[in-house]
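In what follows, a structure is listed as structure tokens, so that the remarks can point back to it.
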Amino acid sequence: MVVHSYYDEDPRVRREAESLVDAGHAVDVFALRRESDSLEEVVAGVHVRRLGVQRHQGAGIRVYLREYLSFLVRAGWALTLAHRRRHYGLVQVHSLPDFLAFAAVPLRLTGVPLLLDLHEAMPEFFRSRFPRTSNPLLYRFLLFQERLSIGIATAVVTVNEAMVDRLVALGVRADKVHVVVNRPSLRRFDAAAQPARAFAEDGTIRLVYAGALTPTYELDVALDAVGRLATDRPDLRLVFDVYGRGDAELDLRRRARDLGIAERVRFHGRIPIESVPGAVAAADIGLAPTRVDRFTDVSLSTKVFEYAAMGKPVVASRLPLVERTFPPGTVRTYEPGNSGSLAAAIGVIADDPAARSRAVAATLAIVRERSWEHEAVGYVQLVEDLLRG
């Protein structure tokens, strides 16, 4: 596997790699390396090789492209050298960026199959992340590199049916694209393995968010909602625990101070994936606030599943895939960008214990039916079919 991320921070890559190890396969991962990271390490049976490239989160588009290209060259070279010793049966490349697929070209020329894992729609991601540089010429280039990367792949996996529909509409053969949905592993997100907490048992309603602190996730709206509730519902004692890092953190801290709720909002920074279940278990309501745009129209936050797996009521933005996946009476949704709507959703959960319990049970049932343990079966089968081919 080749992935432009820190392996320990990427839950999708870790779930897939560990599932292959559980199925008896040897897996090497080529990933980014922080200065404090070891060059090589075995993590849960996965051999992780870290290359000398670091992430520059929140940087401009030129820095991102230099970083991508540097990792592409290093990964291609390291992969080619390792193949002479390891004789790989399959290369799986995870995007972003899509063109990281070209790191596998030397192995493709020797007949090794390439599985391209499209975590996100890169053209839509860049249009959302860098609006000032989103112009028709750049967008066409991003579409071109996406098609070219898919073209050299043996097969493609992506995260949901909406992404499949998008790719097919762009001309990709439907039989080339497979769905491996982002689902939490119930072995990791196991409520029974954490201390139980009754709703607001200490008299405080604890909201939690665990994820990236970037403009894609409208945490500014979440802070505004907490501010509204602090003014309009003084009977509700609220604390908002935020776990994660990103370029929006300084602005969010400033916003909390300006709203007069700094003492209610606690920024904990990034925590290891292994610690996320415990952080969620200590909360009362999980928030999945996502800004609506063309990029998020085809995405579904895994946070919704993680909160639900831990038996917590969930408030999420009213996005197409959220409504398609979770019927009424499960996840409570709010109008994206509307802090009043978000505050009202939190208030309803706090005020109606019976409806809250029903929603938690119904959402948990959906998550159990669609957990990673079920999803992994199809993923491993796909990989083994490619290996046999």
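The values are calculated or read from the model by the stated rules, or taken from the named source; none is laboratory data. Every value quoted in this text rests on a predicted model; they were computed, and no experiment measured them. Cβ: placed from backbone, ideal geometry, glycine included. Neighbour counts: every protein chain shown. Remember, those area values only see protein heavy atoms, side chains included, never the ligands or the DNA or RNA. Shrake-Rupley method; radii C 1.70, N 1.55, O 1.52, S 1.80 Å.
Observations
- Placed amide H near residue 290: partners under 5 Å, 5+ positions off or other chain: 218, 317
- Relative to the longest principal axis of the Cα atoms of the chain, helix 353-369 runs at roughly 10 degrees.
- Inter-site label distance for residue 169 and residue 148 at 7 Å from Cα along Cβ, in nm: 2.4 nm
- In plain terms, the C-alpha convex hull of region 129-171 casts an average shadow of 3.7 nm² when viewed from every direction.
- Approximate spin-label separation residue 250-residue 275, in nm, with each point projected 7 Å along Cα-to-Cβ: 2.4 nm
- Shape call, region 248-389: gyration tensor on alpha carbons, a/c limit 1.5: prolate
- Whole-number D in µm² s⁻¹ for region 81-176, Kirkwood Cα-pair radius fed into Stokes-Einstein, 4 °C, 1.567 mPa s: 92 µm²/s
- Under a model in which nothing but the beta-carbon of Lys, Arg (+1) and Asp, Glu (-1) is charged, the chain shows a dipole of about 780 debye around its Cα centre.
- Rg [Å, one decimal], Dmax [Å, integer] - region 1-41, C-alpha atoms: 10.5, 32
- Stretch in the chain that is longest and holds no GluC sites (Glu not before Pro) that DSSP places in a loop and that have at most 14 other beta carbons within 10 Å: 202-389
- Farthest positive-ward along the chain dipole, Cα basis, beta-carbon charges - from 378, 326, 285: 378
- Cα-Cα separations in the chain greater than 37 Å, expressed as whole percent: 22 percent
- Spacing of the two label points (7 Å from each Cα toward its C-beta) at residue 388 and residue 40, in nm: 3.2 nm
- Rounded if a/c under 1.5, otherwise prolate or oblate - region 106-227, Cα gyration tensor axes: oblate
- Per residue accessible area of the chain, 1.4 Å probe, in Å²: 43 Å²
- Efficiency of FRET from Cβ geometry, residue 297 and residue 187, R₀ 41 Å, rounded to 0.05: 0.85
- Degrees between helix 11-22 axis and first principal axis of the chain (Cα, 0 to 90, nearest 10): 60 degrees
- For the chain: relative contact order, % (alpha-carbon pairs under 8 angstrom, 6 or more apart): 14 percent
- Taking θ as phi - 60° and the Karplus parameters 6.51, -1.76 and 1.60, the scalar couplings of region 240-246 work out to 10, 9, 10, 10, x, 9, x Hz in sequence order, x denoting glycine and proline.
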